[in-house]
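**Student:** To start, I am sharing the structure in question, which I have written as C-alpha cells.
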Amino acid sequence: MPQELESQVVHRVAEMAGVEPGEVSLTSAFADLGVDSLSAVSLIGDLEDEFGVSIPNDEVIRIRTVGDAVAQIVRAMADGGPA
C-alpha cells in the first residue's frame, strides 16, 4: 500500500499545484510547488477523506512536504484506520 499511497498523494499534490506528477517527489515542499498553507490544509483534509483517516490538527500544521503527508497518512492508518 505505501507505494500506491505515495503515488496517489503525488498525483493529488500535482493536480492541486498545476504541475505534472513527475515534477513532484516525496521531498517536494508544498510552498516550492506553489501550494500555500491554506491550500495545503485543504489538501490534507481531502486526503484524510480519501484514505479514511483522521490526522490531528497539531500534526496537520507540521506537514510541509509530500513525504510528510504520506508519513502522517501511514501513521494514521496504523493508529486506527478509518476516521
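**Student:** Return the total of residues in segment 44-83 being closer than 19 Å to Ala31 by Cβ, assigned to a helix (DSSP H, G or I) and in contact with a Ser or Thr (Cβ under 7 Å, 6 or more places away or on another chain).
**Tutor:** Count: 2.
**Student:** In segment 25-43, how many are within 15 Å of Gln8 (Cα to Cα) and not in a loop (DSSP other than H, G, I, E, B)?
**Tutor:** 1
Rule-based calculations on the coordinates, nothing more; no lab input. All of these numbers come straight from a predicted model, not from anything done at the bench. Note: ideal-geometry Cβ built from the backbone for every residue, glycine included; neighbour counts use all protein chains shown.
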